[in-house]
Amino acid sequence: IRNCDWSSDVCSSDLALLLVAGACDAHPFRTVTVDTKAPGAVPAPAAAEPVLRFSVAAIESPRDTYPAYARLFERMGRMIGYRIQLEQRRTYREVNDLLVEGKLDAALICAGGFLDLVARAPSTVEVAAVPVIAGKSGYHAVIVVPAASDAREIRDLAGRRFAFTDELSLSGHLYPVRLLRDRALDPERFFGSVTYTGSHDRSIEAVANGIVDGAAVHDGVLEQLVSRDPSLGSRLRILHESPLVGGMPVVVSTRLAPELRAKVRDVLLALERDPEAAAALRRLHLDRFTTPAPGLYESAAQLVRGR
């Protein structure tokens with residue numbers, strides 16, 4: 001299989017359930033306000049609820065993350081004073097395109113997606129916060145192979161089947177491509193076949209099930225899957241690990257008013273102190289959100305540039 005795309009496997013049942021749930025009000029009737037002092041008063045139309053359009057990069061497949069993010073965003077919306085509307089897309093580039101076009105207000109994107117935005121339209125977004133996972137605000141790109149594989153270095157995967165996640169993913173594409181180029185190897189011709197799975201969990205499952213001979217993935221997703229299914233740890237082996245790079249940022253559109261951007265940032269930083277939001281964070285394996293350190297993504301940029 002060459003250049004296949006598994007990312008269209010959207011969990012329609014989860015999405016349908018969320019859409020139905022989001023369409024149902026707490027009460028069966030619309031509430032209106034009537035001024036009884038004015039003769040012939042007519043009901044005033046209910047004020048339109050302000051909406052904040054938010055997207056989440058498909059680090060894991062929708063069947064696992066969509067319900068958990070829906071719960072977190074429902075609580076965040078109440079804290080901000082907006083209804084948060086999830087706008088999911090198949091690829092990281094599609095999310096970036098919406099941000100550039102002003103059709104999204106905020107997004108949790110991958111580090112590679114952020115580098116793409118900085119290069120394409122540097123004034124489009126600003127980083128509001130970054131997640132802290134297992135005490136770290138960064139992660140590693142890892143290349144995994146079956147435990148029984150004879151490969152000991154990335155060169156040993158020449159001519160074999162390999163899985164990337166998304167073209168803009170730092171851990172799932174950009175870093176391994178740079179790794180090959182640093183070894184004077186042509187990424188376009190090196191592997192026997194390439195599959196784009198659309199999420200890191202699908203890439204890991206492809207290796208574990210013998211569909212591909214190796215994959216480039218986010219180490220945090222690998223750790224989460226192994227914690228859920230310890231047998232994965234005996235079926236997979238890490239062939240290579242990158243230096244630590246900055247974690248996935250939450251970015252907000254600079255088209256939003258400064259006051260609203262500040263409100264989104266403040267709410268993100270306060271989530272761990274809210275019991276309901278903290279419970280949703282735990283479901284997502286997130287400790288909390290924090291303010292990004294200066295130069296947090298410079299190491300990622302250097303990895304991509306090969307410096």
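Quick notes on this structure:
- Label-reachable residues, segment 127-161, where backbone N falls under 19 Å from a point 7 Å from A184's Cα toward its Cβ: 153-159
- Whole-Å distance, taken between Cα centres, linking segment 281-299 and segment 146-179: 26
- When Rg and Dmax are taken over the Cα atoms of segment 72-155, they come to 17.3, 55 Å.
- Rh by Kirkwood over Cα pairs, then Stokes-Einstein D for segment 134-228 at 1.306 mPa s and 10 °C, µm²/s: 119
- Listed values for segment 165-178 are Karplus-derived 3J(HN,Hα) couplings in whole Hz (6.51 cos²θ - 1.76 cosθ + 1.60, θ = phi - 60°), namely 9, 8, 4, 9, 5, 5, 6, x, 7, 4, 5, x, 5, 5, and x replaces Gly and Pro.
- Fully extending the segment from R273 to V226, taken as 0.36 nm per residue of separation minus the present Cα-Cα distance, adds 14.1 nm.
- Accessible carbon and sulfur surface of segment 193-307 relative to its total accessible area, %, 1.4 Å: 53
- Residues whose amide H lies under 5 Å from that of A147, counting only those 5 or more places away or on a different chain, are L236, R237; hydrogens are built 1.01 Å from N in the peptide plane.
- Å² per residue, accessible surface of segment 125-190 at 1.4 Å: 41
- Residues whose amide H lies under 5 Å from that of H240, counting only those 5 or more places away or on a different chain, are I143; hydrogens are built 1.01 Å from N in the peptide plane.
- Full extension of the segment from E153 to I238, taken as 0.36 nm per residue of separation minus the current Cα-Cα distance, would add 29.6 nm.
- Amide H partners (placed H, <5 Å) of A129, local residues excluded: V250
- Summing charges over neighbours of D105, with a neighbour being any other residue whose Cβ is under 14 Å away from its Cβ, gives +3 when K and R count +1 and D and E count -1.
- Charged-residue dipole, Cβ positions (Lys, Arg, Asp, Glu), segment 210-307 about Cα centre, Debye nearest 20: 220
The values are calculated or read from the model by the stated rules, or taken from the named source; none is laboratory data. Because the structure is a prediction, the values reported are computed rather than measured. Cβ sites come from the backbone with ideal geometry, for glycine too, and all protein chains shown count toward neighbours. The area values use the complete protein model at the heavy-atom level, side chains included, leaving out ligands, DNA and RNA. Shrake-Rupley method; radii C 1.70, N 1.55, O 1.52, S 1.80 Å.
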